Amino acid sequence: MITRCFSLELIRKGFLSPSTNVTAPDVGTGQREMAWIADTYKQLHPDDVKMASMSVSLEGKTCVMQGFGNVGYHAAKFLSEEDGVKITAIIKSYGALINDEGINIEQLRQHIDEHHEIETFPCAQFVEDGAAVLEKECDILIPAALENQINLDNVDRIKAKLIVEAANGPVSFGADAILKSKGIVVIPDAYANAGGETVSYFEWIRNISHMRFGRMQRRHEEMRGLQVTKMFEEATGNSVSTHLRNTITRGADELDLVRSGLDDTMRTAYQEIRETMLSDENITDLRITSYVSSIKKIARSYLDVGIL
């Protein structure tokens, strides 16, 4: 019962894919089902959504990425292309690339696709001891490969200011406590990896509805943008440039809407975690706060469905 309710709660909050094998609830509509409907209603009201403030720019920050698979590649790509982060090192199982001026992620991806290795990549220095590159000075360290990569053997030499756990359990229990004592912030895997499950949930919703996101409203948004453009031109007597016109009149496509929903979900989740930490002086790190926040949600769900 506990496992089932926990899984259902994570599905409702968008942190677990609905395709996950979860024991089905009893047939019929009662207090529990009405609670789910009420919860969905609350989620649709923007007044109840608290957005996290993202006031600190990532522009110019340095990042070391361990792993260059699906997670590592896309994280490095978006950080460098959209946020202006310098990816100064890419670590693979057999070595690492280093370029303090920043590695061009698409060039590296094309090189790997063609040569199936990184040793001969011309725009960075290759070193064989990839594990040691975890200790390279940087603003952000993203272990996106294996577990226990930061442990008691190397934690004292870690120089990153922020660690984002994009792998499952890349920081050992003992190392986690030491990082905390050093003032290094760790964004836990339970939160950092929730984005993939959130998008899986969106995909599930799209598949059961048999309709792509944006199909209903895209043309309406384009017409509204065109009307705004014409109104501006009539009011000012000036013509809008082709680039600006295309930007204003473009309706959101499926990718835009999915990324918007993901952004909203992750910001809201982080804000809840942050508020939980600020509300209790005994909680001083994001990992424990994530657990506390999750347990509170489960408890609230239990109360809503009448279990407690």
If you take the residues of the stretch 134-152 that are touching a strand residue (DSSP E or B) at 6+ places or on another chain (Cβ under 6 Å) and closer than 20 Å to GLU101 by Cα, which of them is surrounded by the most Cβ atoms within 10 Å (Cβ to Cβ)? LEU141
Some residue of the stretch 288-304 being within 23 Å of ALA194 (Cβ to Cβ), outside the structural domain of GLY183 (by TED's automatic domain parsing) and not in a helix (DSSP H, G or I): no
Looking at ARG274, is it in contact (Cβ under 8 Å) with a residue 24 or more places away in the chain and in a helix (DSSP H, G or I)? yes
Positions within the stretch 139-156 being in contact (Cβ under 8 Å) with a residue 24 or more places away in the chain and over 13 Å from ASP176 (Cβ atoms), in sequence order: ASP139, ILE140, LEU141, ILE142, ALA144, ALA145, LEU146
Restricting the stretch 57-72 to residues that are under 19 Å from TYR94 (Cβ atoms) and among the hydrophobic types (A, V, I, L, M, F, W, C), the residue that is surrounded by the fewest Cβ atoms within 10 Å (Cβ to Cβ): VAL71
Checking ILE103 against (1) within 21 Å of ARG287 (Cα to Cα); (2) in a loop (DSSP other than H, G, I, E, B), only one condition comes out false. Which one? (1)
Could you please find all residues in the stretch 157-171 being farther than 17 Å from VAL185 by Cβ and modelled with pLDDT of 95 or more? ARG157
Here the residues within the stretch 229-256 that are surrounded by 13 or more Cβ atoms within 10 Å (Cβ to Cβ) and of a type in the set (A, V, I, L, M, F, W, C) are PHE232, VAL240, ILE248, ALA252
So if I check each of ALA166, ALA131, which one is assigned by TED's automatic domain parsing to the domain that holds SER80 and either more than 20 Å from GLY102 (Cα to Cα) or buried (at least 16 other Cβ atoms within 10 Å of the Cβ) (or both)? ALA166
Take the residues of the stretch 169-178 that are surrounded by fewer than 20 Cβ atoms within 10 Å (Cβ to Cβ) and in contact (Cβ under 8 Å) with a residue 24 or more places away in the chain: which is nearest to CYS138 (Cα to Cα)? ILE178
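The values are calculated or read from the model by the stated rules, or taken from the named source; none is laboratory data. Just so you know, these numbers come straight off a predicted model, no measurement behind them. Cβ: placed from backbone, ideal geometry, glycine included. Neighbour counts: every protein chain shown.
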